[in-house]
Every structure is written in C-alpha cells, then in structure tokens.
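See structure below.
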Amino acid sequence: MLKLENISVNYKDKVVLDNLSLTANSGEIIGLVAPNGTGKTTLFNVIANFLKPNKGTVIFNKKLQYKTEKKEIAIHKQLATFPEQGDLFEELTGVNHMKLYANMWTGTTKHVEEIYKQLKMEGYVKKKVKTYSLGMRQRLCFAMIAAADTPIMLMDEVMNGLDVANVSLISDRLIQMKAEGKLIFVASHLLSNLDLYADRVLYLKDGNIIHQQDASNAAERYLKIDLAPEEYEEFSLTYSLPGNHLYIANHLCCIPISSMAQGEQNEWIARLSAFEEKELAIGPLGTAEYYEKYYHDV
C-alpha cells in the first residue's frame, strides 16, 4: 500500500504539485496521463525519494516513511523504477542486465529466463546491448524491472517506441504482475492501451488530480458520434439534448443513455443514425476521450 498526503512541489514561482493526496493498493495498476510538463515525472520522483517535496508525506505499508537512511533502504527494497535506455551498459548482454536487477532486489535469477521467453527476447537477449535497436532496448528496460520483481513499480512511458506486437506482450505481462499483487504506476501517452489493463487512470492538471477514471465503475454508457461544430449546433437546435451530454474537443458528441428507458435509447439511436456516413458507437468513455475532454486546449 502507498499513500501520498498533501504533496506539494514548487520550482521557484511554478507550482508543479499542489497539495496532492492519493491512496494506492497492492494488486492495482494505476495509469497516469497528462501533457508533458504537468507533473507526472515529478510525482514519480517524489514517490521514489529522488526529489524531496516542499510539503507532504509519502507512506508505505501504513507506517514506513523516508525519515532515515535505514528506512529509505527498506523502502527501496520494495520499489523499483523503470530504467532509462541511457542507463544501459553497451558492452553487457540483455540477460546480464536482467540478472543485475534480479540480484539487486530479489537475490535470485531463477525467474529471468521465464521473463525473456514470455517477452520473446530469446533471439537477442544474450547479445551485447550495443547491437540492439531502440525497440529492443525498450523491451529490455521492461524486462529488467520485471526481473526486479518488487511489490511497487513506477513505469514512465513503458510502451515508448514499441510496435503493436510488443505492446501486446508487455500488456499481458503487466496483467500477470497485477494478479501477483504488484502495485504498478504506468505513465503513458499510449492512451487506448491503458484501458486494457489499468484499474484506475488519473488525470493531472494544475498540480493535482482533476479526474479519476475507475475501470470497475464504468457503468455510464454513451452514444458516441463525431460531429463537426456546425453539425453539432444544428443537431442541438433540432433536439433537446440531455443536460449531462458531452461535446468533447469540438468533434465528439456523447449522449448518456444508462438511465434512459429502452424506448428513449432507441429514439436517440435513430436520430444519430440519420448521419449516414458517421460511425455510431455505444460504450463508456475511454482514456483517450477523457484526455481530449481535459486537455484539448493545452
């Protein structure tokens, strides 16, 4: 369990995190999304104690805090951060990198082979890193943090530069790690991918969490259709749209239907189907749609 209490970080006159509080539990993947420069990396640095907040407390397992060097060491035995490609050693093999992380945190390397086989790295994992492509290096960085096997993991842009097949492999491994009880934070610009495995997605703006998207509570369904501003204006003049409908980023019209009777739902479907060349979708709002809602003008 991890708890953040009233975390604030200021750089001169700029407020990066503003009295932010959060509780996260084992067996949970938490997505973190926001435009660049809005505090995602700063938040990770505070959790890992790479940066001291101006105010606030980070608490692990209800009582452990960064108060002494001994306690910091105890916390870092439970927490690993996603390595950067620039931290890799060109003359070492991929499997040596994985064993290094495994030994530093778990004291055993018996699980390393299972990880690189699941990630389909057998063809190059025993070669020196200097021979790797950018995608191979990124996959190795993920394999290293998986080898660390810590209870808490911070992953910043884990899918960066990966193709669809590798994104799928890593997504499957993340789901497996969650089932094993890991608490995993994933900051990503690959928004639709977060919908596949994240239990919650947090949206940062002005130094705080402005919205929390909970996958277990995605009960609200919408009729969703792309309408140009002039189409939306004409449609809204023709029909009395529900007060809680959304028009996101000047293109996506969303009509909430969960509380409507079946007959009323069918009426809205018929009205929107009049736009014959438009695709009509039904379902909850996803990460990409909330992102547009909150950051369209950023």
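A few comments on the model shown:
- Residue in the range 133-156 that is outside any loop (DSSP other than H, G, I, E, B), more than 18 Å from Val95 (Cα to Cα), β-branched (Val, Ile, Thr) and open to solvent by less than 60 Å² (accessible area, probe 1.4 Å) present: yes
- Test: Val129 is farther than 26 Å from Leu194 by Cα and without any contact (Cβ under 8 Å) to a residue 60 or more places away in the chain: yes
- Within the range 179-221, the set of residues being under 22 Å from Val9 (Cα atoms) and either free of Cβ contacts under 8 Å to residues at least 40 places away in the same chain or β-branched (Val, Ile, Thr) (or both) comprises Val186, Val201, Ile209, Ile210, Gln212.
- Pairs, first acidic (Asp, Glu) in the range 82-104, second open to solvent by 60 Å² or more (accessible area, probe 1.4 Å), C-beta under 7 Å, six or more apart: Glu90/Lys128; Glu90/Lys130; Glu91/Lys128; Glu91/Lys130
- Among the residues of the range 39-46, none qualifies, meaning not one is surrounded by fewer than 18 Cβ atoms within 10 Å (Cβ to Cβ), within 21 Å of the chain's Cα centre (by Cα) and basic (Lys, Arg).
- Qualifying positions in the range 77-132 - basic (Lys, Arg) and surrounded by 15 or more Cβ atoms within 10 Å (Cβ to Cβ): Lys99
- Criterion violated by Gly27 - all others in (1) more than 16 Å from the chain's Cα centre (by Cα); (2) open to solvent by less than 60 Å² (accessible area, probe 1.4 Å); (3) of a type in the set (Gly, Ala, Ser); (4) under 25 Å from Ser188 (Cβ atoms) satisfied: (1)
- Pairs linking a residue in the range 140-160 that is touching a residue at least 12 places away in the same chain (Cβ under 8 Å) to a residue that is open to solvent by 10 Å² or more (accessible area, probe 1.4 Å) and among the acidic types (Asp, Glu), with Cβ atoms under 8 Å and 6 or more positions apart or on different chains, are Cys141/Glu84.
- Residue in the range 261-283 that is under 30 Å from Ser21 (Cβ atoms) and either open to solvent by 50 Å² or more (accessible area, probe 1.4 Å) or not aliphatic (A, V, I, L, M) (or both) present: no
- For Arg221, the conditions (1) closer than 30 Å to Glu277 by Cα; (2) touching a Leu at 6+ places or on another chain (Cβ under 8 Å); (3) crowded, with 18+ Cβ neighbours inside 10 Å are fulfilled apart from (2).
- Qualifying residue in the range 185-197 (condition: touching a strand residue (DSSP E or B) at 6+ places or on another chain (Cβ under 6 Å), among the aliphatic types (A, V, I, L, M) and within 15 Å of Ile145 (Cβ to Cβ)): yes
- All positions within the range 157-179 that are closer than 17 Å to Gln85 by Cα, surrounded by 18 or more Cβ atoms within 10 Å (Cβ to Cβ) and under 12 Å from the mean Cα position of the chain (by Cα): Val158, Met159
- Odd one out for Lys55, checked against (1) under 19 Å from Lys182 (Cα atoms); (2) open to solvent by 40 Å² or more (accessible area, probe 1.4 Å); (3) touching a residue at least 12 places away in the same chain (Cβ under 8 Å): (1)
The values are calculated or read from the model by the stated rules, or taken from the named source; none is laboratory data. The structure displayed is predicted, hence computed values, not measured ones. Note that we place each Cβ from the backbone using ideal geometry, even for glycine, and neighbour counts take in every protein chain shown. Surface accessibility is based on the protein's heavy atoms, side chains included, excluding ligands, DNA and RNA. Shrake-Rupley method; radii C 1.70, N 1.55, O 1.52, S 1.80 Å.
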